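The values are calculated or read from the model by the stated rules, or taken from the named source; none is laboratory data. Owing to the predicted nature of the structure, the values given are computational and were not obtained by experimental measurement. Don't worry about glycine lacking a Cβ; one is built from the backbone with ideal geometry, like all the others, and counts go over all protein chains shown. The area values use the complete protein model at the heavy-atom level, side chains included, leaving out ligands, DNA and RNA. Shrake-Rupley method; radii C 1.70, N 1.55, O 1.52, S 1.80 Å.
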Protein chains: 4
Amino acid sequence: MRLALDPPLDPGAYAHVHPIRARFAETDAMGVVHHASYLLYLEESRVAWMRERGHAYAELRTEGIDFAVIEAFVQYRRPVRFDEVIDVHLAIGKLTRMTMQVGYLLTVAGEPRATAVTVHAGVDPTGRPARMPAWVQDFVSTALG
Amino acid sequence: MRLALDPPLDPGAYAHVHPIRARFAETDAMGVVHHASYLLYLEESRVAWMRERGHAYAELRTEGIDFAVIEAFVQYRRPVRFDEVIDVHLAIGKLTRMTMQVGYLLTVAGEPRATAVTVHAGVDPTGRPARMPAWVQDFVSTALG
Amino acid sequence: MRLALDPPLDPGAYAHVHPIRARFAETDAMGVVHHASYLLYLEESRVAWMRERGHAYAELRTEGIDFAVIEAFVQYRRPVRFDEVIDVHLAIGKLTRMTMQVGYLLTVAGEPRATAVTVHAGVDPTGRPARMPAWVQDFVSTALG
Amino acid sequence: MRLALDPPLDPGAYAHVHPIRARFAETDAMGVVHHASYLLYLEESRVAWMRERGHAYAELRTEGIDFAVIEAFVQYRRPVRFDEVIDVHLAIGKLTRMTMQVGYLLTVAGEPRATAVTVHAGVDPTGRPARMPAWVQDFVSTALG
């Protein structure tokens, strides 16, 4: 297990926030958002973060880098319901030559609902390991333990 | 609209049947299977039908043909619940040089829950239109009006 | 089949538009958005339309009405790719005492990618048929044939 | 983080195995199964395990117990491709009065593709914490460290 972040419950510790409204299709028969849907929210938020930092998907492909998910962890604290707007707070928390760890806090109206960590490996277009691009270094936060 | 099949409610009209058990993740907050999940059941059944007829996915790629979905229609008759086993009955109902129509009847314990039609276009690996392969002709049923 | 709309390709025929950015998780191994994902876009757009018209989900439940999907049809015209922003144009096209038909046009940068129709039945909280609420009548468009 | 299992790579350490064939809809534009789909495989396997042990979903509801996911961890080792059959090996690895940890090994043709852990809390029909039922104790494996 490479996972080595402990995402704090304070939104102020995160550099980026992205709002997502829970879809009806993402709920389940328990009446709340299904636990697998959270991974879609994390991914959408990473893509939004990169876009806002000037590294949209099309450009990444030009740079010859992709970020494969090699580990994912979610801690579900309180359920999310249909039509609630989830603020996905995100920070880059740990960087090695070949991997990047991203920490997340999901809140609804300021209340924590979940925390999460994803670990990514750099891969080139053929799927082989690739070094993390230099620009990622600029976004590493020291607030994520 | 190319859609031109009227799938009958008699399972005997279908050449192939494939059982699928509804996953919890496929339900929604109404307590039943979400309407988008049905398209996943249709697709799994088409793949199973082709595999059993000797045309598994890997072979299709070798043959240089794929079947893009160009139209899809589902009529939801009665809800499907978590953990129910859905028998997806399938038949090839209409074939032109470039398109194929597939009809479906979904039953649970013999009771109709939905009918559906998908229309497919032959495409080559570059995404351009391609002729339907000759072997599909062998499976056309005349029972789907 | 109750389906009786022919959604036009002119965005001007639709009363409402809702933008959705395609998620990576919604693509498939063909490199484009999977055909089942379109139903999620239609649903999100219906919910957004109702919210903007003053009938958010919570209120509908208070009114004692829900709109079950009884038929769905999608015509896929050109693929949608990851990270493209889809404008989902929507109009209420046909209303009976117990059912409502909704027409959709999906465009990317003004270019049509798909059209769709969903047919809904009013249901009360116990799942039994219910009359369409009067407010829906105000939004019926005559532009959808 | 309650997560405290280290799922071994030896299939012999797991008491239960459940095969699942990867659907096309579960792949993404990288050409492999999307990382969120793995959570669906874990859930289907848990449900199958409980059914085979005589505790099908309907019965659990009668017993007044449900198992909410409070943590989930997946380690992705090698990609899974469309139409591959995944053997999901499962074992109950740690039990407290209120929680249960489940360990998983996913293999394709004997080759490890992923390991995972889910942590569950017992909840009663109103969503409040409930004690783990006694029958779960019978299935705890000591092989999951």
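Structure notes:
- Rg and Dmax, both from the Cα atoms of region C:4-136 and both in Å, are 15.1, 45.
- Calculated mean residue ellipticity at 222 nm for the protein assembly as shown: -5500 deg cm²/dmol, from DSSP H runs with n ≥ 4 weighted as -39500 (n - 2.57), summed, divided by the residue count and rounded to 500.
- Expressed in Å, the radius of gyration and Dmax of the Cα atoms of the protein assembly as shown are 23.7, 68.
- Residue mean of other protein chain beta carbons inside 10 Å, B:18-25: 5
- Mean partner shielding of peptide C:69-79, defined as the number of other chain Cβ atoms within 10 Å of each residue Cβ, is 6.
- The long axis of helix C:37-52 is offset from the longest Cα principal axis of chain C by roughly 50 degrees.
- Label-point separation, A:THR142 to A:THR126 (7 Å along Cα→Cβ), nm: 4.0
- Two-site label geometry, B:VAL85 and C:GLU63: point separation in nm, points 7 Å out along Cα→Cβ: 4.2
- Cα-projected label distance for C:GLU111 with A:ARG2, points at 7 Å along beta-carbon direction, nm: 3.6
- Ellipsoid equivalent to region C:17-92 - semi-axes via the Cα gyration tensor, in Å: 27, 13, 11
- Accessible-area composition of region C:23-145, carbon plus sulfur, in percent [1.4 Å probe]: 53
- Karplus-based coupling profile of region D:24-30, in residue order and whole Hz: 4, 4, 8, 7, 10, 5, 7, with θ = phi - 60° in 6.51 cos²θ - 1.76 cosθ + 1.60 and x standing for Gly or Pro.
- Inter-copy spacing of D:ARG53 label points, which lie 7 Å from Cα along Cα→Cβ, given in nm from shortest upward: 4.2, 4.2, 4.9
- At a probe radius of 1.4 angstrom, the accessible area of region B:27-125 per residue rounds to 32 square angstrom.
- With contacts taken as Cα pairs under 8 Å and at least 6 residues apart, region B:61-140 reaches a relative contact order of 37 percent.
- Nearest-first distances (nm) between copies at B:ASP10, label 7 Å from Cα via Cβ: 4.6, 5.9, 7.3
- Position B:PRO129, label points 7 Å along Cα→Cβ, spacing to each other copy in nm (shortest first, one decimal): 4.2, 4.9, 6.4
- Distance between region D:80-145 and region B:1-29 - C-alpha centres, whole angstrom: 31
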